[in-house]
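First comes the structure, then the notes that go with it.
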Amino acid sequence: MKNISLSLLASLALLLISSCKKDIKSLDLTITPVSSLAAPADNSLIRLQPATGGSIVFQWNAAQTPDSGLILYEVAFDKIDGDFSNPVYKILADGSGVQTQASVSQKDLNKIAALAGIQASASGKIKWAVLASKASNAEISTETKTLQIERPAGFATVPDSLFIFGTATEAGNDPANAIALNKTADGVFELYTSLAAGNYLLTDQRNGNGNQYYIDINNNNIIKSGNTPTEVTGTKQAYRLRYDFNVATSEATIIQSIGLYQSANNAEIGQLTYAGNGTWRIDTLPVVFVQFSWGRDDRYKFVMHTSSGLEYFGSTNADNVPPAGQPKSYFYLIPVTNDQWSNTYKFDPAADNHTVKVEVYFKAGEPYTHKVTVL
């Protein structure tokens, strides 16, 4: 009985294998390439605005395959004299590659134009085509089209981090000691520091092997790639430095002082001076609360005196409570209006008729904040 069962099982197995072999078909990789590119129109002019502009939609007709199998699409971009054998950039179509369109951001188009050799603040031509793929078989479209790209000032690829070093800086000339800037947005950086007579460079790495940048002071202070040091003249001063690589602009604002503004007096009662490392300080400041019918007022905020005018810094809260027991965020500094009462802090009650030490910290890599110590 055992031998009969084994024979039967063996026969059934042979039948199944034979049946499976009959069902196995070779995969047909035949594909008819995309024959028509619908949009953008040939020789379209695209003036790029990567920071604010919308995506550009590329569209084409579908490729064909005998068995209606899955086709994946990529838009391929190349130099105007390229043949797409080694395109400068490829972007997958919408819908994870299955749709007959691709939404290409202006940021990506800016990068593509740069890879094709078009310089910032210049225009030039690129070509595009569509690559249709079925498994290992890929076919380039029989039609290609041209785009006229007008690039803005700025960098197609912005640094993710930024450091400053040089003889004019607090870090000195060794890039290993370079000061990190705060990244306030994609490609935008800020630093409160001092500069003396000398020079400096910007870099995206501290190890000395990173990309380097400088400020072309003879060309509207735009940011450029290269290791030509930016020259600084005059006496040592505190600055707020801002760099926007999206539009290649820089700004150096002199910080003359920071005043402590007492709301009840509607006036500044003391000036903090720069002490280095993004810190302003006044070591002794007499404080007297102002008497009103309802009690003694203890509110304050800060006024930054800059070469461009006055700027106010205060609390994230429009109305505040006394500082005892509050989290660190209570002391954070943000830009606020010059309103006499809004976005103010409150002194420790012990500060009334006493002297305090006040420190303001605009340090890189940390929230902007301040500290008041009753002496």
- Task: Among the residues of the range 174-189, write down those that are crowded, with 19+ Cβ neighbours inside 10 Å, closer than 19 Å to Lys363 by Cβ and of a type in the set (Gly, Ala, Ser).
- Result: Ala178
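Can you tell me which of Asp352, Asp348, Asp297, Asp339 is among the charged types (D, E, K, R) and without any contact (Cβ under 8 Å) to a residue 12 or more places away in the chain?
Asp339
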- For the subset of the range 91-124 comprising residues that are touching a residue at least 60 places away in the same chain (Cβ under 8 Å) and not polar (S, T, N, Q), which member is farthest from Leu147 (Cα to Cα)? Ala120
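Within the range 224-315, which strands (runs of 3 or more DSSP E) (wholly inside it) include 3 or more residues that are surrounded by 17 or more Cβ atoms within 10 Å (Cβ to Cβ)? Break it down into steps so the answer makes sense when it comes.
On the way: elements: 230-232, 237-244, 249-262, 267-276, 279-287, 290-292, 295-297, 299-306, 309-314.
The strands (runs of 3 or more DSSP E) meeting that bar are 237-244, 249-262, 267-276, 279-287, 299-306, 309-314.
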- Message: It is to be established whether one or more residues within the range 160-167 are part of a loop (DSSP other than H, G, I, E, B) and over 18 Å from Tyr214 (Cα atoms).
- Response: no
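Being at pLDDT below 70 and either assigned to a helix (DSSP H, G or I) or of a type outside the set (Ser, Thr, Tyr) (or both) is true for just one of Ile17, Ile46, Ile118. Which residue is that?
Numbers: Ile46 fails: at pLDDT below 70; Ile118 fails: at pLDDT below 70.
That would be Ile17, the only listed residue that is at pLDDT below 70 and either assigned to a helix (DSSP H, G or I) or of a type outside the set (Ser, Thr, Tyr) (or both).
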- If you go through the range 355-375, how many residues are closer than 18 Å to Pro322 by Cα, free of Cβ contacts under 8 Å to residues at least 60 places away in the same chain and surrounded by 16 or more Cβ atoms within 10 Å (Cβ to Cβ)? 2
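Quick one: which of Gly270, Gly314, Gly325 is at pLDDT below 95 and either in the same structural domain as Leu191 (by TED's automatic domain parsing) or not acidic (Asp, Glu) (or both)?
Residue meeting the stated conditions: Gly325.
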- Task: Please work out which one of (1) farther than 14 Å from Val130 by Cα; (2) modelled with pLDDT of 90 or more is the condition Gln59 fails and give its number.
- Result: (1)
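The values are calculated or read from the model by the stated rules, or taken from the named source; none is laboratory data. Quick caveat, the model's predicted, so the values are computed rather than measured. Cβ atoms come from the backbone with ideal geometry, glycine included; neighbour counts cover every protein chain shown.
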